[in-house]
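**Student:** Please find one structure pasted underneath; my questions will follow.
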Amino acid sequence: MLHDLNLTNVRCFESLALRLAPGFNFFLGPNGEGKTSVLEAACILLRLQSQRSSSLAPAIKLGAKSLAITGGYDGHLLEFRYGGLRRKLQLDGTEQRSATEYLRLARVVSFANTDIEMVRGSSEARRRYLDFIGVQVDPRYRPTLRAYERALRSRNALLKSAPPRLRELAAYNLPLVEHGAILGKMRANIVVELAPFVAAAHAEISDSKENADIVFSSGNEENYADHLARTREQETRLRQTIVGPHRDDLDLQVDGMEAQAYASEGQQRTLALALKIAQARLFQEYGPPPLLLIDDIFGELDQVRRRQLLGSLPRDSQKLVTSTTRQWDESLEGPVFELRNGEMFTPK
Ligand SMILES: Nc1ncnc2c1ncn2[C@@H]1O[C@H](COP(=O)(O)OP(=O)(O)O)[C@@H](O)[C@H]1O
Ligand SMILES: [Mg+2]
């Protein structure tokens, strides 16, 4: 579990320190008081990335040059500092040049209102979902994703330059295909592992007897190198790389129908929830129960759904829950941190 959390210059907080409990921890307060920011700080500390934005820069308090987040997790001291271009990691007082060891400690699942974007939004939201899982279950995922993105950026820059520097392009085909093929395989494997968890979670939380299924849709053919070579003309015309994992997608189906187009909003929300519950359950196979960040979604659910959600989450997981009102069940026990007028009132 995350024992404590200390923020310096994170979002609206100049300085904040809190001690957390195992099980439920509630953050209660009106909008804009910093509830999501506290959850974000926990996510950044444990996973070195934010659950709400792809860059960490917006998390630095306006006017400050850098942020610091520290905390204890399962007896280890984690320290993270970030100032625009530089980041510094310490694990138990020792500076870490590589994040591998550090990231092995904890896993995080984030539940938020915006999760519905996974169902009705663009494929980018679904790739982000897969990537957030991938980096937490396979240490090779992050470097592979980075290497692929680097090759893709370089390649696209060459295609966009005027005139396109086609002869230099070939130099990037090799890394693109090499890392892209591994990335595609890792994503496909994750989807295979996830699918039964999604189906089970969906069955538990949907009133009707609908079947949910997820299928990986690759952005390139089996023989990536060959496929890439065949799109060369199109690439030159459109001035970008056409095939590859940056076009991967996750097909989401309810009773065999494409959820994005055919599911009702309620069905889409249920499916989004099932995807996240599945993620939490999958993580349990890889280590200790994940930390669950549950941001403002209780308000959206009726009491029955709330119970179903709570019942289907890993029991042993520590949970940070935000809400604008006290609407969780009386039976749920845990400290309530109240945020008001820029201050946090910690429970006695
Ligand atoms: N980088 C930043 N520097 C200073 N304030 C910020 C920064 N980013 C966001 N904020 C402010 O932090 C406040 C808290 O945001 P948030 O955590 O989303 O609140 P909540 O989840 O309680 O609605 C907001 O009022 C927002 O304007
Ligand atoms: Mg919020």
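**Student:** Projecting each Cα onto the charge dipole of the chain (Lys/Arg +1, Asp/Glu -1 at the beta carbon, about the Cα centre), which of A59, L158, S323 comes out farthest on the positive side?
**Tutor:** L158
**Student:** What list do you get for C12, C43 if you sort them by fewest beta carbons within 10 Å? Walk me through the intermediate numbers first.
**Tutor:** Details: C12 15, C43 24.
Starting with the residue having the fewest Cβ neighbours, the order is C12, C43.
**Student:** Among all helices in the chain defined by DSSP H, which have a length of 30 Å or more along the axis from Cα atoms plus a Kyte-Doolittle mean of at least 0.5?
**Tutor:** Values: long enough: 166-205 (55 Å, 0.71).
Taking the DSSP H segments of the chain (at least 30 Å long, mean hydropathy at least 0.5), we get 166-205.
**Student:** So, one more: Under a cut-off of 26 Å between alpha-carbon atoms, report the lysines in cross-link reach of K276, not counting same-chain residues fewer than 8 places apart.
**Tutor:** K35, K185, K209, K319
**Student:** Grab the other residues whose beta carbon is less than 13 angstrom from that of L183, score K and R as +1, D and E as -1, and report the net.
**Tutor:** Working: positive: R127, R140, R142, R146, R150, K185, R187, R247; negative: D131, D138, E149, E178, D248.
Result for the local shell: +3.
**Student:** Modelled label-to-label distance, S15 and L105, 7 Å Cα→beta-carbon offset: nm?
**Tutor:** So the label points at S15 and L105 sit 2.2 nm apart.
**Student:** Amide H of F337 versus every other amide H placed in the peptide plane: which residues, excluding those fewer than 5 positions away on the same chain, fall under 5 Å?
**Tutor:** Distant-sequence amide H within range of F337: F26, F27, L28.
**Student:** Test of understanding: in a Gaussian network model of the chain with alpha carbons linked when under 10 Å, which of R306, R86, R47 would top the mean-square fluctuation ranking?
**Tutor:** Judging by the Gaussian network model, the answer is R86.
**Student:** Taking R0 as 25 Å, what FRET efficiency do you get between F345 and R307 from their Cβ-Cβ distance, rounded to the nearest 0.05? Numbers along the way, then the final one.
**Tutor:** Numbers: r = 28 Å, r/R0 = 1.13.
Efficiency, rounded to the nearest 0.05: 0.35.
**Student:** A follow-up question, please. Order by neighbour count: L103, L5, fewest other Cβ atoms within 10 Å first, most last. Numbers along the way, then the final one.
**Tutor:** Values: L103 20, L5 25.
By the 10 Å Cβ count, ascending: L103, L5.
**Student:** Now for a separate question. State, to one decimal in nm, how far the label point of D226 lies from the label point of H76, with both points 7 Å from Cα in the Cβ direction.
**Tutor:** Label at D226, label at H76, 4.4 nm between them.
**Student:** Pop out the ³J(HN,Hα) list for the stretch 110-119 in order, Karplus 6.51 cos²θ - 1.76 cosθ + 1.60 with θ = phi - 60°, rounded to Hz; leave Gly and Pro as x.
**Tutor:** 10, 10, 8, 3, 6, 4, 4, 4, 4, 8
**Student:** For E124 and R326, what does the FRET efficiency come to when R0 = 35 Å and r is the distance between their Cβ atoms, rounded to the nearest 0.05? Write out the running numbers ahead of the final one.
**Tutor:** Details: r = 36 Å, r/R0 = 1.01.
Between E124 and R326 the formula returns 0.50.
**Student:** Take every DSSP beta bridge with both residues inside the chain and express the antiparallel ones as a percent of the total, to the nearest 5. Before the final figure, lay out the partial values.
**Tutor:** Working: 39 of 56 bridges.
Among the beta bridges of the chain, antiparallel pairing accounts for roughly 70 percent.
**Student:** So who's got an amide H within less than 5 Å of the one on I294, skipping anything under 5 residues away but keeping other chains? H placed 1.01 Å off N, in plane.
**Tutor:** F111, L320, V321, T322
**Student:** Once fully extended, how much extra length lies between L166 and E204, figured as 0.36 nm per residue of separation less the alpha-carbon to alpha-carbon distance?
**Tutor:** Details: separation 38, 0.36 × 38 = 13.68 nm, distance 5.30 nm.
Result: 8.4 nm gained on full extension.
**Student:** Something else now. Hey, what do the phi angles of the stretch 336-343 turn into as Karplus ³J(HN,Hα) couplings, whole Hz, using 6.51/-1.76/1.60 and θ = phi - 60°, x for Gly and Pro?
**Tutor:** The phi angles translate into 10, 9, 9, 10, 8, 6, x, 10 Hz.
**Student:** Could you give the dipole magnitude of the chain about its Cα centre, charging the beta-carbon of Lys and Arg +1 and that of Asp and Glu -1, in debye to the nearest 20? Could the numbers behind the result be given before it?
**Tutor:** Working: 46 positive and 44 negative charges, 302 e Å.
Here the size comes out at about 1460 debye.
**Student:** Right, something else. I'd like the distance between the alpha-carbon centres of the stretch 184-221 and the stretch 309-348, rounded to an integer number of Å.
**Tutor:** 30 Å
**Student:** Continuing with this model, one more query. Among rounded, prolate and oblate, which fits the stretch 122-287 when a ≥ b ≥ c are the square roots of the eigenvalues of its C-alpha gyration tensor, a/c under 1.5 means rounded, and a/b larger than b/c means prolate?
**Tutor:** Working: a/c = 2.96, a/b = 1.94, b/c = 1.52.
Prolate, because a/c is 1.5 or more and a/b exceeds b/c.
**Student:** Please list, in chain and number order, the residues 5+ apart from D4 or on another chain whose amide H is under 5 Å from its amide H, with Hs placed from the backbone.
**Tutor:** Close amide H contacts, sequence-distant or interchain: L20, G72.
**Student:** Another question about this same structure. For a test of the definition: using alpha carbon positions, the gyration tensor, and the 1.5 limit on a/c, classify the chain as rounded, prolate or oblate. Can you show the working numbers first?
**Tutor:** Values: a/c = 2.04, a/b = 1.34, b/c = 1.53.
Here the chain falls in the oblate category.
**Student:** Among G63, G93, G72, which one moves the most in a GNM of the chain with springs linking Cα atoms closer than 10 Å?
**Tutor:** With Cα springs under 10 Å in the chain, the top fluctuation among G63, G93, G72 is at G63.
**Student:** Which value, in debye to the nearest 20, gives the size of the charge dipole of the stretch 122-287 about its Cα centre, when Lys and Arg are +1 and Asp and Glu are -1 at the Cβ? Don't skip to the end; give the middle numbers.
**Tutor:** Numbers: 23 positive and 23 negative charges, 218 e Å.
Using only the charged Cβ atoms, the result is roughly 1040 debye.
Since every read-out is calculated from the coordinates, none of them should be taken as a lab result. Predicted, not measured: the structure shown is a model, and the values here were computed from it. Don't worry about glycine lacking a Cβ; one is built from the backbone with ideal geometry, like all the others, and counts go over all protein chains shown.
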